[in-house]
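Colleague: Just passing along the structure, written as structure tokens.
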Amino acid sequence: MRRRDIIAGLSVAALWPITVRAEQPAVRVVGFLSTRSPDESVALAAAFRQGLDEAGAIEGKNFAIEYRWARGEYGRLPALATELVQRQVAVLATVGGEPSALAAKAATATIPIVAIFTTDPIKLGIVASLGRPEGNITGLSVLNATLEAKRLGLLRDLLPQATKLAVLVNPTFPAAAGQLENLQDAARAANLHLQVRRVKLASLATRYKVPAMFSLRSYVVEGGLVSYGIDLPDLYRQAGVYAGRILNGSKPADMPITQPTKFELVINQKTAKLLGLTISPDLLSIADEVIE
């Protein structure tokens, strides 16, 4: 064998592994855009990953997740959404309400988006319909505002003698106006005076011994009196399932926007005792969870 043939053969052999490596499929990326902060979202992010796993998507094997956290600063969301779009994520999950979904919608019209909505996405002009959203956006709609009348009624059952109630709202949150409107309608029907306080810290309620109703179980676990609403970790899990289905080839336009069917009433008996309240056996009997 001539020397030049040996050199040519070695050159081909040396290049072959590089060519094979180049042909290996790249790991796809799932973008995760949240209005919240990572330290308060550990369990929620875990639930999202669980949903992906249930859909057959295995983190580290056939996909990776890139997180972006606005930490409550909604003004950062457009730039964070653009970062994920430029990263060319395979699917973009937006959580924490409409601000992240709207930022993602403005950033891309082609990348599939799985959003968690707290109000009607049709009224916001984000999707055409719940059954067939069209476009690149699907997800889950909590319709949280519609639960306010139920929460007001439960709080009235706890405090039948009350004539004046206060509501804490974040005026910069898009869904706040709808929630407040439903609350005011329910208050008028119950002949209650509703005082709106546009403040951020609901934790002051326990310190000053003010009975309070919350939308999420986590507040009651931390010492709040009562909550009525959706199972938030399960909602994130369902969003993960949707994201996994898209990784497996499903199209957002063909995936209906679902709504939760399970709502949970959680009561903190320890807090009730601290507030000097006696909760009726009837109310305790319908609670999904009583924290002693």
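Colleague: Suppose the filter is assigned to a loop (DSSP other than H, G, I, E, B), at pLDDT 50 or above and under 30 Å from L102 (Cβ atoms); does R49 pass it?
Modeller: Answer is no for this residue.
Colleague: Would you check which residues across the range 247-269 are under 29 Å from L159 (Cβ atoms) and touching a residue at least 24 places away in the same chain (Cβ under 8 Å) and list them?
Modeller: P260, K262, F263, E264, L265, V266, I267, N268
Colleague: Separate question: Restricting to the range 86-108, give me the number of residues that are among the small types (G, A, S) and on the phi > 0 side of the Ramachandran plot.
Modeller: The total comes to 2.
Colleague: Turning to a different aspect of this structure: Which residue is modelled with the lowest pLDDT, if the candidates are limited to the range 52-73 and must be surrounded by 19 or more Cβ atoms within 10 Å (Cβ to Cβ) and among the aromatic types (F, W, Y)?
Modeller: That would be F63.
Colleague: Here's another thing I want to ask about it. Considering T271, T278, T261, which residue is farther than 30 Å from L33 by Cβ, hydroxyl-bearing (S, T, Y) and not in a helix (DSSP H, G or I)? Working first, answer last.
Modeller: Details: T271 fails: not in a helix (DSSP H, G or I); T261 fails: farther than 30 Å from L33 by Cβ.
When all the criteria are applied, what remains is T278.
Colleague: Only one residue in R4, R36 is modelled with pLDDT under 90, surrounded by fewer than 22 Cβ atoms within 10 Å (Cβ to Cβ), of a type in the set (K, R) and farther than 18 Å from A243 by Cα. Which one?
Modeller: None of the other options fit; the residue is R4.
For (1) over 22 Å from L265 (Cβ atoms); (2) without any contact (Cβ under 8 Å) to a residue 60 or more places away in the chain, each residue gets a yes or a no:
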residue	(1), (2)
K105	yes, yes
T108	yes, yes
V114	yes, no
P121	yes, no
N136	yes, no
E148	no, yes
L155	no, no
L158	no, no
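Colleague: Quick check on the range 86-119: of everything there that is open to solvent by 20 Å² or more (accessible area, probe 1.4 Å), within 18 Å of I230 (Cα to Cα) and β-branched (V, I, T), which residue is modelled with the highest pLDDT?
Modeller: That would be T118.
The values are calculated or read from the model by the stated rules, or taken from the named source; none is laboratory data. Small disclaimer: the values here were computed from a predicted structure and weren't measured. Heads up, the Cβs are rebuilt from the backbone with ideal geometry, glycines too, and the neighbour counts pull from every protein chain shown. Just the protein is used for accessible areas: all its heavy atoms, side chains included, with ligands, DNA and RNA removed. Shrake-Rupley method; radii C 1.70, N 1.55, O 1.52, S 1.80 Å.
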